[in-house]
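Everything on this sheet refers to the single structure shown next.
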Amino acid sequence: MATDMQLVSDVTFEAAADLSAKQFHFVKLSAAKTVAACSAATDIPCGILQNKPSAAGRPAVVRMLGLSKLSADAALSAGALIGTSADGQGAAKTPGTDTTEYVVGIALEASGAAGELIKVSLNCLNPHRAA
């Protein structure tokens, strides 16, 4: 029997800076209990920012596991392996090619262009390289 049960893990950190323009983007740990927007394709995302903290020290709700919206970096196919781009958006990762980058999810739907919000299945608790 099919169910709509949804397991998610959200953790609240402090924003390292104004992240109000980074809702549904990947974030990384920047210090103890602090997160910043991912700024390189090789960053290890700790999750997807769910809210819009407008200054350093404000609460930043980060989804580390489960289903989430994600801002796409470009057109993506459903089923694509996903990691961060240099601006924290979701980018497709190709095993064997993007070997210094991390896979933390799967696109559950396609996007047509950069900035479009898509649904992803996310697991930042166990990131792995796209090797």
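The values are calculated or read from the model by the stated rules, or taken from the named source; none is laboratory data. Note that the coordinates shown come from a computational prediction; the quantities given were computed from them, not determined experimentally. Neighbour counts are summed over all protein chains in view; Cβ atoms, including those assigned to glycine, are modelled from backbone coordinates with ideal geometry. The area values use the complete protein model at the heavy-atom level, side chains included, leaving out ligands, DNA and RNA. Shrake-Rupley method; radii C 1.70, N 1.55, O 1.52, S 1.80 Å.
How large is the dipole of the chain about the Cα centre if only Lys and Arg carry +1 and Asp and Glu carry -1, each at its Cβ, rounded to the nearest 20 debye?
220 debye
With every protein chain present, what is the per residue accessible area of the chain (1.4 Å probe, Å²)?
50 Å²
With an 8 Å Cα cut-off and a minimum separation of 6 or more residues, compute the relative contact order for the chain in percent.
Reported relative contact order: 25 percent.
Given the options 45, 53, 95, state which has the largest fluctuation in a GNM of the chain using a 10 Å cut-off (strictly under) for Cα springs.
Residue with maximal mean-square fluctuation among 45, 53, 95: 95.
Kindly write out, for the range 93-108 in residue order, the coupling ³J(HN,Hα) from the Karplus curve 6.51 cos²θ - 1.76 cosθ + 1.60 (θ = phi - 60°), rounded to whole Hz, with x marking Gly and Pro.
Running phi through 6.51 cos²θ - 1.76 cosθ + 1.60 with θ = phi - 60° gives 10, 10, x, x, 10, 8, 6, 9, 10, 10, 9, 10, x, 9, 5, 8 Hz.
Determine the alpha carbon to alpha carbon distance for each of 52/119; 33/93; 28/69 and list only those over 22 Å.
Going by Cα-Cα distance, 33/93 fall outside the 22 Å limit.
Roughly how many percent of the accessible protein surface of the range 1-77 is carbon and sulfur, given a 1.4 Å probe and a whole-percent answer?
56 percent
Select from the range 30-94 those trypsin sites (Lys or Arg not before Pro) which occupy a DSSP coil region and have at most 13 other Cβ atoms within 10 Å, ordered by residue number.
33
Taking the Cβ of residue 44 as the center, what net charge do the other residues with Cβ under 11 Å away carry, scoring Lys and Arg +1 and Asp and Glu -1?
For residues surrounding residue 44, the net value is 0.
Could you list the square roots of 5 times each eigenvalue of the Cα gyration tensor of the chain, that is, the equivalent ellipsoid semi-axes, sorted largest first and rounded to whole Å?
Values for the chain, descending: 22, 17, 14 Å.
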